[in-house]
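Peer 1: Before I ask anything, here is the structure I am working with.
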Amino acid sequence: MTLPAFPPGFLWGVSTSAFQIEGAPREDGKGPSVWDSFTAVPGKIKDGTDAAVTTDHYHRYREDVALMSDLGVGAYRFSVAWSRVVPDGIGPVNGKGLDFYDRLVDELCAKGIRPAPTLYHWDTPQALQDAGGWLNRDTADRFAEYAAAVAERLADRVDMWITINEPAEVTLLGYALGEHAPGKELMFDALPVAHHLLLAHGKAVGALRAAGARDVGIAASHSPVWAASDEEGDKAGADLYDTLMNWMFADPLLAGRYPEGLAEAMPGPVEEDLKVISAPLDWYGINYYNPTLVGAPQPDGVETFGGIDLPADLPFGIREIDGHPRTDFDWPVVPDGLREILVTLRDRFPGMLPVYVTENGCSYGEPVHDTRRIEYLDGHLRSLRAAIDAGVDVRGYFVWSLMDNFEWAEGYRQRFGLVHVDYDTLARTPKDSFGWYRDVIKANR
Ligand code: GCO
């Protein structure tokens with residue numbers, strides 16, 4: 001059955017991030033990032049790999065832009081590696097690092113594809129980590145300086161900017177659970193990280209606008225949180241999780257306040273900071289993968305969640321979502337969750353900004369005939385269309401990801417691409433989903 005039509009001007013795109021695709025960790029003056037350090041620690045990456053080469057996009061970007069041109073996308077969301085631009089996190093800008101993004105942007109513009117850079121997709125310069133990383137308030141100022149340097153170089157050709165990707169995952173996976181770089185296991189002592197990331201975002205918005213950047217947004221992960229039952233304990237567990245993963249970030253950004261009880265946990269002049277954090281945006285980006293079923297803590301509950309080992313003493317319990325198919329990452333496939341979270345956001349924030357789905361996609365091992373990916377994307381686009389019908393102002397959709405790449409702690413075990421990458425030869429082969437997405441885009445032109 002063909003998909004329903006999307007509104008005129010709807011933006012079709014694909015997403016990637018620097019660390020996951022670029023390789024070339026030391027080339028042209030790039031400084032080390034926390035992910036370079038983290039992948040070097042034995043045992044952190046489940047398949048024992050690192051991202052020193054990954055898809056070698058740094059050298060093959062022309063080929064990758066040609067693939068996108070063939071796909072017919074209107075926009076490409078990539079990220080800029082902070083430590084290519086400011087190798088030591090502070091001090092001189094590395095012109096050669098910026099040159100790479102300059103060439104990439106030119107190549108995209110020549111093919112009529114809108115560049116949509118993300119300024120931070122998790123690869124903090126190691127030098128800043130050595131000074132505390134996101135536990136240190138100064139990191140927010142360093143980020144704004146870096147944002148200004150990128151905008152000064154690219155704002156004449158870029159009109160879609162994303163400050164930060166998924167502050168919730170950085171806080172949770174990087175600093176609370178230690179599953180991601182920088183590998184801190186601080187549990188609730190990680191809360192200042194959330195505040196500093198939000199502050200960095202707000203300061204970067206100011207720096208970007210001052211440098212003439214137009215169309216500024218953020219990419220935040222959102223998961224509808226379902227309570228395991230109507231019982232008080234389950235509802236309380238679900239509420240707490242919902243607050244920490246969804247509203248601790250969205251409320252400050254979109255309403256200039258923290259959910260009840262959290263402002264007190266944050267460092268610094270919080271009320272003043274909230275004014276910076278809630279600097280007006282042009283749009284809001286959401287990354288959606290699946291809902292989360294949460295209840296009261298239970299001693300015999302699931303111990304892993306999305307491949308992550310959970311500590312035993314959490315104040316909530318994550319439950320398995322039954323009755324839905326699963327991706328090869330073992331994530332439940334629940335297309336309607338996309339409509340649900342879009343409507344929830346619209347209802348929570350009166351006068352909600354236009355929204356882009358900045359990431360949505362799935363890990364399946366099928367090398368080329370990826371029927372299940374087509375089903376996944378088809379279902380999610382129908383769900384997105386239902387949200388538009390319900391009055392949510394969704395302006396575009398970006399598939400995660402253009403091509404298979406380095407999936408963080410999973411290494412190369414998870415393949416999210418529309419394009420298959422052979423990691424021995426680095427050959428790119430479009431999968432069936434690539435042809436399918438091309439047809440969807442064409443039908444909506
Ligand atoms: C994220 C990141 C991506 C991931 C993707 C699949 O959402 O975690 O933005 O870098 O690769 O989401 O896990």
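Peer 1: For the list (1) crowded, with 20+ Cβ neighbours inside 10 Å; (2) farther than 27 Å from PRO32 by Cβ, I need the number of the one condition that ALA190 fails.
Peer 2: (2)
Peer 1: Tally up the residues in segment 32-48 that are hydroxyl-bearing (Ser, Thr, Tyr), within 16 Å of the ligand (Cβ to nearest atom) and touching a helix residue (DSSP H, G or I) at 6+ places or on another chain (Cβ under 8 Å), please.
Peer 2: 1
Peer 1: Condition check: in a helix (DSSP H, G or I), within 16 Å of the ligand (Cβ to nearest atom) and touching a residue at least 60 places away in the same chain (Cβ under 8 Å). Does ALA147 satisfy that?
Peer 2: No; evaluated as a whole, the condition is false for this residue.
Peer 1: Of all residues in segment 217-243 being more than 24 Å from TYR289 (Cβ to Cβ) and in contact (Cβ under 8 Å) with a residue 40 or more places away in the chain, which is nearest to the ligand (Cβ to nearest atom)?
Peer 2: The selected residue is ALA236.
Peer 1: I'm checking my understanding of the structure. Among residues of segment 353-374 that are of a type outside the set (Gly, Ala, Ser), out of contact with any helix residue (DSSP H, G or I) (no Cβ under 8 Å at 6 or more places or on another chain) and farther than 17 Å from ARG339 by Cβ, which one is surrounded by the fewest Cβ atoms within 10 Å (Cβ to Cβ)?
Peer 2: Only one residue tops the list, namely PRO367.
Peer 1: Check off (1) part of a helix (DSSP H, G or I); (2) among the basic types (Lys, Arg); (3) more than 27 Å from SER37 (Cβ to Cβ) for ARG257 and give me the number that stays unchecked.
Peer 2: Unmet condition: (1).
Peer 1: Please tell me if LEU253 is closer than 30 Å to PRO335 by Cβ and crowded, with 21+ Cβ neighbours inside 10 Å. Before you say what the answer is, go through the steps one by one.
Peer 2: Numbers: closer than 30 Å to PRO335 by Cβ: yes; crowded, with 21+ Cβ neighbours inside 10 Å: yes.
Taking the combined requirement at face value, the residue satisfies it.
Peer 1: Tell me which residues, restricted to segment 96-126, are buried (at least 20 other Cβ atoms within 10 Å of the Cβ) and touching a Pro at 6+ places or on another chain (Cβ under 8 Å).
Peer 2: Within segment 96-126, GLY97, TYR101, LEU104, VAL105, LEU108, THR124, PRO125, GLN126 meet the criteria.
Residues checked against (1) of a type in the set (S, T, N, Q); (2) within 29 Å of SER33 (Cβ to Cβ); (3) touching a residue at least 40 places away in the same chain (Cβ under 8 Å):
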{"site": "TYR364", "(1), (2), (3)": "no, yes, yes"}
{"site": "VAL368", "(1), (2), (3)": "no, no, yes"}
{"site": "ARG373", "(1), (2), (3)": "no, no, yes"}
{"site": "VAL392", "(1), (2), (3)": "no, no, yes"}
{"site": "ASN405", "(1), (2), (3)": "yes, yes, yes"}
{"site": "TRP408", "(1), (2), (3)": "no, yes, yes"}
{"site": "ARG413", "(1), (2), (3)": "no, yes, yes"}
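Peer 1: Please go through segment 405-445 and pick out each residue that is surrounded by fewer than 18 Cβ atoms within 10 Å (Cβ to Cβ), basic (Lys, Arg) and over 30 Å from GLY183 (Cα atoms).
Peer 2: ARG438, LYS442, ARG445
Peer 1: Any chance you could count how many residues in segment 256-296 are farther than 28 Å from ASN136 by Cβ and more than 16 Å from the ligand (Cβ to nearest atom)?
Peer 2: Of the residues in segment 256-296, 6 are farther than 28 Å from ASN136 by Cβ and more than 16 Å from the ligand (Cβ to nearest atom).
Peer 1: Is there any pair with a first residue in segment 376-388 that is touching a residue at least 12 places away in the same chain (Cβ under 8 Å) and buried (at least 22 other Cβ atoms within 10 Å of the Cβ) and a second that is in a helix (DSSP H, G or I) and of a type in the set (S, T, N, Q) whose Cβ atoms are under 7 Å apart and which are 6 or more apart or on different chains, and what are they?
Peer 2: As it stands, the answer is LEU377/SER433, since those pairs meet every condition given.
Peer 1: Could I ask something else about it? Counting only residues that are away from the ligand (no atom under 16 Å from the Cβ) and part of a strand (DSSP E or B), which one in segment 11-31 is surrounded by the fewest Cβ atoms within 10 Å (Cβ to Cβ)?
Peer 2: Across segment 11-31, the extreme among qualifying residues is LEU11.
Peer 1: Next up: Of (1) of a type outside the set (Ser, Thr, Tyr); (2) modelled with pLDDT of 95 or more; (3) out of contact with any His (no Cβ under 7 Å at 6 or more places or on another chain), ARG445 satisfies all except one. Which?
Peer 2: Status for ARG445: all satisfied but (2).
Peer 1: For segment 337-360, which residues satisfy the criterion of being in contact (Cβ under 8 Å) with a residue 60 or more places away in the chain and in contact with a strand residue (DSSP E or B) (Cβ under 8 Å, 6 or more places away or on another chain)?
Peer 2: Just the residues of segment 337-360 that are in contact (Cβ under 8 Å) with a residue 60 or more places away in the chain, to begin with: 337, 340-341, 344-345, 348-349, 352-360.
ILE341, LEU345, MET352, LEU353, PRO354, VAL355, TYR356, VAL357, THR358, GLU359, ASN360, listed by residue number.
Peer 1: Could you check segment 297-411 for strands (runs of 3 or more DSSP E) lying wholly inside it with 2 or more residues that are more than 23 Å from the chain's Cα centre (by Cα), of a type outside the set (S, T, N, Q) and away from the ligand (no atom under 16 Å from the Cβ)?
Peer 2: Result: 317-319.
Peer 1: Next question. If we scan segment 167-190, do we find a residue that is at pLDDT 95 or above, under 16 Å from ALA144 (Cα atoms) and either out of contact with any Lys or Arg (no Cβ under 7 Å at 6 or more places or on another chain) or not in a helix (DSSP H, G or I) (or both)?
Peer 2: Checked against the condition, which is being at pLDDT 95 or above, under 16 Å from ALA144 (Cα atoms) and either out of contact with any Lys or Arg (no Cβ under 7 Å at 6 or more places or on another chain) or not in a helix (DSSP H, G or I) (or both), segment 167-190 yields at least one hit.
The values are calculated or read from the model by the stated rules, or taken from the named source; none is laboratory data. Given the structure is predicted, the values throughout are model-derived calculations rather than measurements. With ideal geometry, Cβ positions are generated from the backbone for all residues, glycine too; neighbour counts draw on all protein chains shown.
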